[in-house]
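Chemist: First the structure, which I've put down as structure tokens, then a few questions once you've had a look.
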Amino acid sequence: MNESDSELVRSLLKQQGFVFTEDRERADVLLVNTCAIRENAHNKIYAHLSELKAVKKQRPLVVGVLGCMAQNLKTDLADKEPIVDVLAGPDSYRQLPSLLTTALEAQEQGLAQKRFALDLSEYETYEGILPDRDSGVNAWITVMRGCDNFCSFCVVPYTRGRERSRDPESILDEARDAAARGFKQITLLGQNVNSYRYGEWDFARLITAVADVSEIERVRFTSPHPKDFPPALIEAIATHPRVCKHIHLPLQSGSDRILELMGRTYTGAEYLALVDRIRRAIPDIVLTTDIICGFCSESDDDFQATFRLVEQAQLDSAYIFKYSERKNTIAARKYADDIPDQVKGQRVSKLVEIQRAITAERNRRYIGKTLPVLIEGDATRSPTQGMGKTDGNITVVWDKSTGHPGPGAMVTKHIFDASAATLYGE
Ligand code: 5AD
Ligand code: SF4
């Protein structure tokens, strides 16, 4: 979502005559788009800002912090980090060109005044702003902003504000524009896509209409909430050849007590029943998840319930996080962050270990099969190897000598080996 927002910011600034440079040495303005979801995201930004301090000592520079961390820490951040001149939250990017212009003028006059735009809006969807997209195979399209779920651990409702859906016609215009510019894949983004509503439109209708745009090879989406997965969306994934058979379905915990404290409104059994319902309708679906370890008061028994659920669900892969208390959230106000960091770490390691074994086993089912693969580019480890994704979003690598027409091409690869991270094709 931040990558998508950065493309939006670039477009807004270019429209006002700002010119972007890849060369940091030439920039008058440096913008850092930030995430607040967990503490380590914060730490990365503080490290980045201290690096910029050295740059700002050498020459005049306007430094802007954008995004969720700006929104959540507000003036705290500006007070603690004297190098920050401008703060703009996720709903305030339209004000950014004028904030930067006045900050640049103030700097010329030797004034060190800080500028903020941190109002959350119930309506802002940046309608009519076509993002300045990073080139590549995938185009992000944000279909809704904000979230009204208020899961107790999560900062998003406070940093991105109330939930609002974009006009489907403008989403379809964007999809057609991306297709005309050669993007082969579209990923629809929203904090909880199942709440997408615009007049008669729901998310199943929207994704089907986007997938009907000719020239697009694949449509993905992230993320749905397990509490309200509609049959019509399962149907769309099952039947539309261009809607990818991958669902990222955040579990968070397998303990009903913890799920309730988290405000997730489903039980472990309901999650498993949903997985079962999806698999019966779409046998070759790839299911991935997010899990938090060490949420407030999580006992060994609670953790065991999560472990057992992970074993039972046999999902294709999982992102597993230590719980990290976020300022302003319900959990921060109501519950103690009482699980020692070391215990959180041990629980994460145990889950990572079992999930890794499950993932490796799941990936072995592709050995001997021939799969369509959308090429993304070179493998990270070796420029002699190509890399792409299966329909289910699993990474495939191959020796380029076995066939590599280049990024954006759809090829078929025969899978001869598999690990927990990668399928090996030819
Ligand atoms: N601590 C740890 N993980 C979190 N996530 C969201 N908030 C927190 C938090 N406070 C995780 C959830 C979510 C993913 C995007 O980040 O698992 O699904
Ligand atoms: Fe956060 Fe819950 Fe909203 Fe996801 S659904 S963004 S976890 S509040």
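Derivation of every value follows stated rules applied to the coordinates shown; laboratory data play no part. Values in this document were obtained by computation on a predicted structure and should not be read as measured data. Cβ: placed from backbone, ideal geometry, glycine included. Neighbour counts: every protein chain shown.
Chemist: Just want the ordering: ASP91, ASP212, ASP337, from fewest to most Cβ atoms lying within 10 Å of their own Cβ.
Modeler: Values: ASP91 25, ASP212 13, ASP337 17.
Sorted ascending by nearby Cβ count, the order is ASP212, ASP337, ASP91.
Chemist: Please report, in Å, the Rg and the Dmax of the chain, where both are computed over Cα atoms only.
Modeler: 22.5, 68
Chemist: Something else now. Please identify the GluC sites (Glu not before Pro) of the range 1-51 that satisfy two criteria: DSSP loop assignment and at most 15 other Cβ atoms within 10 Å. Which are they?
Modeler: Details: sites: GLU3, GLU7, GLU22, GLU25, GLU39, GLU51; in loops: GLU22.
Passing both the DSSP loop test and the Cβ count: GLU22.
Chemist: So, one more: As a check on your grasp of the helix formula, calculate [θ] at 222 nm for the chain: sum -39500 (n - 2.57) over DSSP H runs of n ≥ 4, divide by the residue count, round to the nearest 500. Display every interim value, and only then the final one.
Modeler: Working: 13 runs with 159 residues, N = 426.
Per the formula, -11500 deg cm²/dmol.
Chemist: Using θ = phi - 60° and the Karplus form 6.51 cos²θ - 1.76 cosθ + 1.60, what ³J(HN,Hα) does each residue of the range 181-187 get, whole Hz, x for Gly and Pro?
Modeler: For the range 181-187, the Karplus curve yields 7, x, 6, 9, 10, 10, 10 Hz.
Chemist: Could you work out which residue, out of THR306, THR34, THR380, moves most in a Gaussian network model of the chain, that is, has the largest mean-square fluctuation with Cα springs under 10 Å?
Modeler: In the Gaussian network model the winner is THR380.
Chemist: Same structure again: Could you state the number of Å between the C-alpha centres of the range 330-358 and the range 133-167?
Modeler: A separation of 25 Å, based on Cα centres.
Chemist: Turning to a different aspect of this structure: Please list the non-local residues whose amide H lies under 5 Å from the amide H of PHE221, H modeled 1.01 Å from N, same-chain partners needing a gap of 5 or more.
Modeler: Under 5 Å from the amide H of PHE221: LEU188.
Chemist: Let me ask you something else. Write out the trypsin sites (Lys or Arg not before Pro) in the range 92-196 meeting two conditions: DSSP loop, and at most 11 other Cβ atoms within 10 Å of their Cβ. Present the calculation step by step, with values, prior to reporting the outcome.
Modeler: Numbers: sites: ARG94, LYS114, ARG115, ARG133, ARG145, ARG160, ARG162, ARG164, ARG166, ARG176, ARG181, LYS184; in loops: LYS114, ARG133, ARG160, ARG162, ARG166, ARG181, LYS184.
Qualifying residues, ordered by number: ARG181.
Chemist: On to the next question. Counting residues in the range 142-260 as N, plug N into 2.2 N^0.38 Å and put the Cα Rg over that result.
Modeler: 1.11
Chemist: Once phi is turned into θ = phi - 60°, what whole-Hz ³J(HN,Hα) does the Karplus curve with 6.51, -1.76 and 1.60 give for every residue of the range 25-38, x standing for Gly and Pro?
Modeler: With the stated coefficients, the range 25-38 comes to 4, 8, 7, 8, 10, 10, 10, 10, 8, 10, 10, 10, 5, 9 Hz.
Chemist: Roughly speaking, what is the centre-to-centre gap between the range 271-312 and the range 94-122 when only Cα atoms are used, to the nearest Å?
Modeler: Between the Cα centre of the range 271-312 and that of the range 94-122, the gap is 45 Å.
Chemist: Based on alpha-carbon centroids, what's the gap between the range 17-70 and the range 179-215 in Å, whole number please?
Modeler: Rounded to whole Å, the Cα centres lie 32 Å apart.
Chemist: In whole Hz, what ³J(HN,Hα) sequence does the range 337-348 give by Karplus (6.51, -1.76, 1.60; θ = phi - 60°), x for Gly and Pro?
Modeler: Values per residue, Gly and Pro as x: 7, 9, 8, x, 3, 5, 5, 4, x, 5, 5, 4 Hz.
Chemist: If you don't mind, another one. When a/c is below 1.5 the answer is rounded, else prolate if a/b is larger than b/c, else oblate, so apply that to the range 311-400 with a ≥ b ≥ c taken from the square roots of the Cα gyration tensor eigenvalues.
Modeler: Working: a/c = 2.86, a/b = 2.16, b/c = 1.33.
Judged from the Cα gyration tensor, the range 311-400 comes out prolate (a/c at least 1.5, a/b above b/c).
Chemist: Taking LYS44 as the anchor, which aspartates and glutamates have their alpha carbon closer than 18 Å to its alpha carbon, excluding any fewer than eight residues away along the same chain?
Modeler: Output for LYS44: GLU3, ASP76, GLU81, GLU325.
Chemist: Return the loop-located chymotrypsin sites (Phe, Trp or Tyr not before Pro) in the range 133-232 (DSSP other than H, G, I, E, B) with at most 11 other Cβ atoms within 10 Å of their own Cβ; answer none if there are none.
Modeler: Numbers: sites: TRP140, PHE150, PHE153, TYR158, PHE183, TYR196, TYR198, TRP201, PHE203, PHE221; in loops: PHE150, PHE153, PHE183, TYR196.
Those that pass, being in a loop and sparsely packed, number zero.
Chemist: Taking a cut-off of 16 Å between Cα atoms, list the aspartates and glutamates near LYS389, but don't count ones fewer than 8 places away on the same chain.
Modeler: Once the sequence-local aspartates and glutamates are set aside, what remains near LYS389 is GLU217, ASP284, ASP316, GLU376, ASP378, ASP399, ASP417, GLU426.
Chemist: Round to the nearest 10 and give me the degree value, 0 to 90, for the angle of helix 300-313's Cα axis relative to the longest principal axis of the chain.
Modeler: Approximately 60 degrees, to the nearest 10.
Chemist: Most exposed first by the Cβ proxy, i.e. fewest other Cβ within 10 Å, how do ILE367, ILE237 rank?
Modeler: Numbers: ILE367 13, ILE237 23.
Starting with the residue having the fewest Cβ neighbours, the order is ILE367, ILE237.
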